[in-house]
1. Mind listing whichever residues of region 1-44 are at pLDDT below 90, part of a helix (DSSP H, G or I) and open to solvent by 60 Å² or more (accessible area, probe 1.4 Å)?
2. Please indicate, with yes or no, whether at least one residue in region 68-77 is under 28 Å from Glu129 (Cα atoms) and of a type in the set (A, V, I, L, M, F, W, C).
3. From Ala68, Ala62, Ala76, grab the single residue that is touching a Lys or Arg at 6+ places or on another chain (Cβ under 6 Å) and modelled with pLDDT of 95 or more.
4. For region 28-63, enumerate the residues that are free of Cβ contacts under 8 Å to residues at least 40 places away in the same chain and within 30 Å of Val92 (Cα to Cα).
5. Restricting the search to region 88-112, which residues are open to solvent by less than 50 Å² (accessible area, probe 1.4 Å) and within 15 Å of Ala68 (Cβ to Cβ)?
6. Which of the residues that make up region 45-59 are open to solvent by 50 Å² or more (accessible area, probe 1.4 Å) and either within 16 Å of the ligand (Cβ to nearest atom) or modelled with pLDDT of 95 or more (or both)?
7. Of the numbered conditions (1) assigned to a loop (DSSP other than H, G, I, E, B); (2) open to solvent by 50 Å² or more (accessible area, probe 1.4 Å); (3) within 30 Å of Ala127 (Cα to Cα); (4) of a type in the set (Ser, Thr, Tyr), Tyr64 satisfies every one except a single condition; which is it?
8. Would region 24-41 turn up any residue that is touching an Asp or Glu at 6+ places or on another chain (Cβ under 9 Å) and within 15 Å of the ligand (Cβ to nearest atom)?
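The values are calculated or read from the model by the stated rules, or taken from the named source; none is laboratory data. These figures come from a predicted structure and were not determined experimentally. Here the Cβ positions follow ideal geometry from the backbone for every residue, glycine too, while neighbour counts run over all protein chains shown. Each accessible area value is taken on the protein alone, full model and side chains, heavy atoms only, with ligands, DNA and RNA left out. Shrake-Rupley method; radii C 1.70, N 1.55, O 1.52, S 1.80 Å.
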Amino acid sequence: MLAKLKGTRLYSILNNKCPRCHEGDFYITKHPYQIHNFGKNHEHCSACGYKFDKEPGYFYGAMYVSYALTVAFSVAIAVAIVVLFPSSGYKVYMISILLGLVVLMPLSFRLSRLIWMNLFQHYDKDALETKK
Ligand SMILES: [Zn+2]
């Protein structure tokens with residue numbers, strides 16, 4: 001199913017792939033919950049040579065994406081509590097959202113960087129032939 005998405009930004013984001021060629025991996029490990037390596041990424045794409053970190057501080061902008069994801073996860077957790085446990089007090093919401101965000105932090109970190117890169121680089125089907 002995900003192969004049908006190749007060429008779209010969603011494919012790169014969901015598969016941890018280079019935003020330009022969709023072949024090389026961005027993160028060293030595919031699993032977001034390998035705590036020691038979850039945030040480590042390759043400097044260049046192994047397939048097309050694309051430099052992931054375009055300039056010093058490039059990924060600071062991913063914090064804006066991370067903020068949006070955090071809000072989305074918080075709202076999703078709150079809605080789940082409203083649906084599953086409608087008579088819960090505010091402490092249940094606060095603790096559930098806090099624990100949920102801690103558990104989802106590695107996933108949020110990784111997705112935010114991939115989304116940030118894909119905002120500025122689109123898929124180039126000729127990237128592997130015109131390797132820089
Ligand atoms: Zn690439």
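1. Correct list: Leu2, Ala3, Lys4.
2. Here is the first cut: in region 68-77, the ones under 28 Å from Glu129 (Cα atoms) are none.
No, because not a single residue in region 68-77 is under 28 Å from Glu129 (Cα atoms) and of a type in the set (A, V, I, L, M, F, W, C).
3. Answer to the check: Ala62.
4. The answer is His31, Gln34.
5. Leu101, Leu104, Ser108, Arg110, Leu111, Ser112
6. Scanning region 45-59 gives Ser46, Lys51, Asp53, Lys54.
7. Going through the list (1) assigned to a loop (DSSP other than H, G, I, E, B); (2) open to solvent by 50 Å² or more (accessible area, probe 1.4 Å); (3) within 30 Å of Ala127 (Cα to Cα); (4) of a type in the set (Ser, Thr, Tyr), Tyr64 breaks only (1).
8. Taking region 24-41 first, the residues touching an Asp or Glu at 6+ places or on another chain (Cβ under 9 Å) are 41.
Going one step further and asking which of them are within 15 Å of the ligand (Cβ to nearest atom), we end up with 41.
Yes, region 24-41 contains at least one residue that is touching an Asp or Glu at 6+ places or on another chain (Cβ under 9 Å) and within 15 Å of the ligand (Cβ to nearest atom).
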